Amino acid sequence: MLTFFLFCLLAGCVAGFLAGLFGIGGGMVIVPMMVYLLPIVGVPDSLLMSTALGTSFATIVVTAFSSAQRHHKLGNVVWSTLKYFAPALMISAFISGQYISKLPHDISSKLFACLVVYLAAKMILSIKPKNIDPNKKITPLSSIIGGALIGMASSVAGIGGGGFIVPFLNSRNVDIKKAIGTSAFCGMLMGIAGMLSFMVSGWNAQGMPPYSVGFVYFPAVLGITITSFFTSKLGANATNKLPVPTLKKAFAAFLIVVAINMLLK
């Protein structure tokens, strides 16, 4: 247990620093780390991916809350966009989590890997929306459809959805800083929905280690959040000192290697 907890502290250091440096959620880092670390505490192979996803969502609740607070103080959360968008995100993430947790480990891990390859490719290519229609606004229908699809995709990867939410809001003429701030708040809500979903779906799961609630392993959540809370600030401060665009592409390439490894397993 001590060895596992120390590894989680290290995982939190890495995930927090990279999240602060690159402006990404930690889920893309935490889930693969959990897949490799959770067998140490006896999580069965068949429950490995579900536990990694559920645990990742629980860490997102803490880290996204801290980020959302800062953005709210800066006035970067557009509350008017959340009336339909936030409920659609949360309901979709909860329902999707129920289905994802029932998938065989090899299928859910491959779905995760495919989504990571897509997001990493976007980071490498620096894909940005072009020729945004100035008249394109957020409507109740687009909020519900967009929220449902983003919630579904995020459940597959155990992430806060920033890689999808920010482009969606920005494409509808929400200023990029406000899109990022709103995304941080949405990430917290999605983390809550995803965490609850994997807790419920794994409530009677056999073979989970002590201190688990459903598919959420709380010693891992504690270890990761303790260190990521501090290192995320270090990462944010380092953005002015390090060649972030180059490092971001190198990190994305590393993620693709990890994803391919998961696909081939």
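Numbers for the structure displayed
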| quantity | calculated |
| --- | --- |
| Among the residues listed as Leu89, Leu48, the single one being on the phi < 0 side of the Ramachandran plot and crowded, with 21+ Cβ neighbours inside 10 Å | Leu89 |
| Residue in the range 19-29 that is surrounded by fewer than 19 Cβ atoms within 10 Å (Cβ to Cβ) and either closer than 23 Å to Phe218 by Cβ or free of Cβ contacts under 8 Å to residues at least 60 places away in the same chain (or both) present | no |
| Selection count where residues are among the hydrophobic types (A, V, I, L, M, F, W, C) and over 21 Å from Phe17 (Cα atoms), scope the range 29-61 | 7 |
| Entirely in the range 1-83, the helices (runs of 4 or more DSSP H) that have 3 or more residues that are more than 22 Å from Ile256 (Cα to Cα), of a type in the set (A, V, I, L, M, F, W, C) and at pLDDT 80 or above | 2-22, 48-73 |
| Enumeration of residues in the range 213-238 that are touching a Phe, Trp or Tyr at 6+ places or on another chain (Cβ under 7 Å) and more than 28 Å from Gly20 (Cα to Cα) | Gly214 |
| Flag for Gly162 being at pLDDT below 80 and within 16 Å of the chain's Cα centre (by Cα) | yes |
| Residue list for the range 203-228, restricted to those being surrounded by fewer than 20 Cβ atoms within 10 Å (Cβ to Cβ) and more than 19 Å from the chain's Cα centre (by Cα) | Trp203, Asn204, Ala205, Gln206, Gly207, Pro209, Pro210, Tyr211, Val213 |
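The values are calculated or read from the model by the stated rules, or taken from the named source; none is laboratory data. The structure presented is a predicted model; accordingly, all values stated were derived computationally and were not measured. Using ideal geometry, Cβ is built from the backbone for each residue, glycine included, and neighbour counts are taken over all protein chains shown.
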